[in-house]
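The values are calculated or read from the model by the stated rules, or taken from the named source; none is laboratory data. Predicted model, so just to flag it, every value in this text is computed and none were measured. Heads up, the Cβs are rebuilt from the backbone with ideal geometry, glycines too, and the neighbour counts pull from every protein chain shown. When the accessible area is computed, the model is the full protein with side chains, heavy atoms only, and any ligands, DNA or RNA have been set aside. Shrake-Rupley method; radii C 1.70, N 1.55, O 1.52, S 1.80 Å.
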Amino acid sequence: MLRQMAASLCTTFSPSTSKGVSLTAARECGQLVFLEGLKSSVDVFFRAQAEPHPLQFLRSASLQPCSEVHTWEADAGNLQPLYEFVREALKPADDGQAAWRCPVLLVDDLSVLLSLGMGAVAVLDFIHYCRAAVCWEQKGNIVALVHDSGDAEDEENDILLNGLSHQSHLILRAEGLATGFCRDVHGQLKILWRTPSQPAAQRDRSLTYQYKIQDKSVSFFAKGMSPAIL
């Protein structure tokens, strides 16, 4: 059986059943390789590591001051163990398991790396190498979550967001309603398809849907077409 998913790097996660897909079962049968950031960070700080840990940058002693203000940035090279984790996950298992077919790398979320001290350029470099390994070599895809700081001035987050947007073929932007809270419509989702090879006039196309979050699902509908007002 060909394996479908490569790796998931998440900050917090409870392997469970979502939309009929059992992530726990997928992990047990080798279809899902998972790195839980919260649990792994405890291992980095409180357990001795025989080999470099994927999140080794958390306890990096190589911290450099950024300009003259009292902020610190972790050494950019420390994301290499995290990339090596992805590379190892893509390799066929020693028990003769089939190679990945169209693997998907899920990263939830990249903004956390910024809050932990990594620079935007280092994070973009990490994604660049992951794209080479997952998209170009394995013909797979990368799905990454990034938070938009909105009106707040966050230069590093803006660099990361703009860099990823430039590289992406599909952008999903979830945001609240400009009119404020609504009981029947919780927000809107803008979908932007980008085709760099096309002429400028045909390069991008977009759609906007509104949505309502329910107990175990999300309902999508066109603007002004909420079931509550029809």
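Observations on the model:
- Tally of residues being among the basic types (K, R) and surrounded by 15 or more Cβ atoms within 10 Å (Cβ to Cβ) across the range 207-221: 1
- Meets criteria (at pLDDT below 75 and either exposed (fewer than 12 other Cβ atoms within 10 Å of the Cβ) or not acidic (D, E) (or both)) for G77: yes
- Filter pass, F13 being of a type outside the set (S, T, Y), part of a helix (DSSP H, G or I) and either farther than 30 Å from D215 by Cα or modelled with pLDDT under 80 (or both): no
- Residue list for the range 192-206, restricted to those being surrounded by 12 or more Cβ atoms within 10 Å (Cβ to Cβ) and modelled with pLDDT of 80 or more: L192, W193, R194
- Tally of residues being farther than 15 Å from M118 by Cβ, under 20 Å from the mean Cα position of the chain (by Cα) and in a loop (DSSP other than H, G, I, E, B) across the range 147-184: 5
- Residue in the range 176-183 that is touching a Leu at 6+ places or on another chain (Cβ under 6 Å) and surrounded by 13 or more Cβ atoms within 10 Å (Cβ to Cβ) present: no
- Considering L160, L172, L189, L124, the condition of being touching a Leu at 6+ places or on another chain (Cβ under 7 Å) and open to solvent by 80 Å² or more (accessible area, probe 1.4 Å) is satisfied by L172 alone.
- Verdict on S60 being at pLDDT below 65 and under 18 Å from L114 (Cβ atoms): yes
- Residue that is at pLDDT below 65 and among the hydroxyl-bearing types (S, T, Y), where the choices are S8, S22: S8
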